[in-house]
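The values are calculated or read from the model by the stated rules, or taken from the named source; none is laboratory data. The structure displayed is predicted, hence computed values, not measured ones. Because the Cβ atoms are built from the backbone with ideal geometry, glycine has one as well, and the counts that use them run over all protein chains shown.
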Amino acid sequence: MCKAKKALSVIIYIHLALAACLAASRQVHSSDPEQIFSHAVELHQAGDIQGAIREYEAFLAIRPQRVDARSNLGAAYARLGRYEQAIVEYQRALAIEPGNATIRFNLALAFYKGAHFREAAAELAQVIPAQPQNKNAVLLMADCNLRMGEYKKVVESLMPPGDNGIRRPNGIVPAGHCPPQ
């Protein structure tokens, strides 16, 4: 019986040692920050969101001003439904690069998914003029307005742009203008 216990102890020890070696080999511990960032992106694209978050955080501890890493970290949090954390990261990215409409749209989306419709609408009000072709921003703005009970704004936001940037339904011509022939 004593030999069986010793054999079992050895087998368990070997198994734990192999597991530790395998886990260590999967970790990327590099002194090169760009390698850490690249690994985070690889993990993110492969669907290992938790691993990507760890790597983005490690990278940002070294390079806190990298907008793309902040934005990617926000996207990873959003993918896990951690919208409050995503909002914080998108806001940090925008503090560094305030004119980035793509990050602002992602912030609006995180606000929207977190049921912060007024905040989402405020961000979308900045995205739409910067990206007038972004139909998702227009539709999201309309839905925010709907959820806030702003029904007139819903209709206005869904009308195509007219003269002077005013949205109006197709075929309606302002007074004093001739319809196209």
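Name the pairs whose Cβ atoms lie under 6 Å apart, with the first residue in segment 96-107 and closer than 19 Å to Leu60 by Cα, the second surrounded by fewer than 14 Cβ atoms within 10 Å (Cβ to Cβ), and 6 or more positions between them or separate chains? Within 6 Å, the pairs are Ile96/Gln65. Those residues that are more than 23 Å from Val138 (Cα to Cα), surrounded by fewer than 24 Cβ atoms within 10 Å (Cβ to Cβ) and within 12 Å of the chain's Cα centre (by Cα), I need them from segment 85-122; list them, please. If the condition is that a residue be more than 23 Å from Val138 (Cα to Cα), surrounded by fewer than 24 Cβ atoms within 10 Å (Cβ to Cβ) and within 12 Å of the chain's Cα centre (by Cα), then Gln85, Val88 are the ones that fit. Farther than 20 Å from Gln91 by Cα, at pLDDT below 70 and surrounded by 10 or more Cβ atoms within 10 Å (Cβ to Cβ) - does that describe any residue in segment 30-39? Yes, the conditions are met somewhere in segment 30-39.
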